[in-house]
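The values are calculated or read from the model by the stated rules, or taken from the named source; none is laboratory data. None of these values were measured; they are calculated from a predicted model. Neighbour counts run over all protein chains shown; Cβ positions are idealised from the backbone, glycine included.
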Amino acid sequence: MTADQSDTDHSGDAFRDGGFATRAIHAGQAFDPTTGAVIPPVYQTSTFVQTHVGGLRGGYEYGRGTNPTRDALQELVASLEGGRHGFSFATGLAGEDALLRALLAPGDHLLMGNDVYGGTHRLVGRLLTPWGIGLSTVEMSDPDAVRAAIRPETRMLWLETPSNPMMKITDIAAVAEIGREAGLLVVVDNTFASPALQQPLALGAHAVVHSATKYLGGHSDVLGGLVVTDDDEVAEKVGFLQFAVGGVSAPWEAFLTIRGIKTLQLRMQRHSSNAAAVAEALVGHPAVERVYYPGLPDHPGHDVAARQMSGFGGMVSLGLAGGAAAARAFAESTRVFQLAESLGGVESLVNYPAEMTHASVRGTELEVPDNIIRLSVGIEEEADLVADALGALDRL
Ligand SMILES: *Cc1c(COP(=O)(O)O)cnc(C)c1O
């Protein structure tokens, strides 16, 4: 580094103590020291020139190991989740796979919530079980049930809150305490809440995973996954898997995710207020059997959610009185809510879990009732979203 460059801080350290919105924009994102470009460059390169054999510039050697754009994203998300170590992957499931294989060994048992993302259950049940990992599921929102389901060989608890798609709420601090007392690793999939609304590491979890494809990216234009931990031993193992296997995010995908995260807090506020408006408008409609949204005062997890989240998020599920036929008709009749898998983008989406996102868990304990509709409420005009959902109900 030249003298000119050394007075610029490229590490983002200056913002480590800032508030969430400040860190979302600045952590790991110091301007480019060479040109002053306010946005750090996208390092679209596979390798790095060495000064002499083994003479690495800034520690960079080869793109599977490290890349400055990916480092910037990892530092950013680690900061937002309150952990010291972040790892970015090509997809959420690639991150989950790295975490699971880094921390579990044949003979270990994994206890998972009975309402997690279908792909997570498929990953463990179809790929890791044949390699000797035991799997069972439990009602994670019931701490007594969790305690009773722990076996001598249990090594990890895996939970999702709010859960997908039934919007169950798990008390993270209570389950983390049960897990720590039993010497288990506690992992939280924080995709639905995002760190803008919920920070599981501060509540006692060992690691957080994200599908960055959802709220972190936020614009339905990138796939990505993140693992964050404050535990050095977990970090060392996950970092080795990331390097040795290489399910990493590409520089351009890392850049798009960083770009999305800058507005994360604003988006989550609007997702939450729009979702609350939609949920409240649908309660009591004769075609609706039940609205599942933790922001509703009669939701069984409302008090826990109010305690551990700073907003109730953008996901709302509905049970329709007319069963499967009504659910399909609703999903095919909304206009602003577009029929697609995925969630967490600025645009609103409607999903029919039984045949779409959760088709892979049919016949398991995770099977989703066939009258359930899941809404990912976007950041469009609140009135348009409420009118669209009510219109589709009225047409049933
Ligand atoms: C989508 C999703 C995943 C998987 O992430 P991908 O990026 O699709 O691999 C994991 N957990 C939750 C809660 C999800 O919604």
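Within the range 232-254, is even one residue crowded, with 17+ Cβ neighbours inside 10 Å, aromatic (Phe, Trp, Tyr) and closer than 24 Å to Ser211 by Cα?
Scanning the range 232-254, I find no residue that is crowded, with 17+ Cβ neighbours inside 10 Å, aromatic (Phe, Trp, Tyr) and closer than 24 Å to Ser211 by Cα, so the answer is no.
Pick out, from the range 222-328, the strands (runs of 3 or more DSSP E) lying fully within it that include 3 or more residues that are away from the ligand (no atom under 16 Å from the Cβ).
Numbers: elements: 225-229, 288-292, 315-320.
Because the criterion is at least 3 residues that are away from the ligand (no atom under 16 Å from the Cβ), the strands (runs of 3 or more DSSP E) in the range 222-328 that meet it are 288-292, 315-320.
Name the single residue that is nearest to the ligand (Cβ to nearest atom) among those in the range 353-388 being under 21 Å from the mean Cα position of the chain (by Cα) and under 18 Å from His285 (Cα atoms).
The selected residue is Arg374.
Would you check which residues across the range 354-392 are at pLDDT 95 or above, surrounded by 23 or more Cβ atoms within 10 Å (Cβ to Cβ) and not β-branched (Val, Ile, Thr) and list them?
The answer is Arg374, Leu375, Ser376, Gly378, Leu385, Ala389.
Being within 16 Å of the ligand (Cβ to nearest atom), touching a residue at least 60 places away in the same chain (Cβ under 8 Å) and of a type in the set (A, V, I, L, M) is the filter here, so list the residues in the range 156-173 that pass it.
Met166, Met167, Ile169, Ile172
Just to be sure I understand the filter: pairs with C-beta atoms under 6 Å, separated by 6 or more residues or on different chains, first member in the range 218-234 and more than 20 Å from Gln199 (Cα to Cα) and touching a residue at least 24 places away in the same chain (Cβ under 8 Å), second member among the hydrophobic types (A, V, I, L, M, F, W, C) and more than 14 Å from the ligand (Cβ to nearest atom). Which pairs pass?
His219/Val346
Mind checking whether some residue in the range 76-85 is assigned by TED's automatic domain parsing to the domain that holds Asn190 and farther than 30 Å from Thr22 by Cβ?
Checked the range 76-85: no residue is assigned by TED's automatic domain parsing to the domain that holds Asn190 and farther than 30 Å from Thr22 by Cβ.
Count, please, the residues in the range 174-205 that happen to be farther than 20 Å from Asn114 by Cβ, of a type in the set (A, V, I, L, M) and away from the ligand (no atom under 16 Å from the Cβ).
Count: 3.
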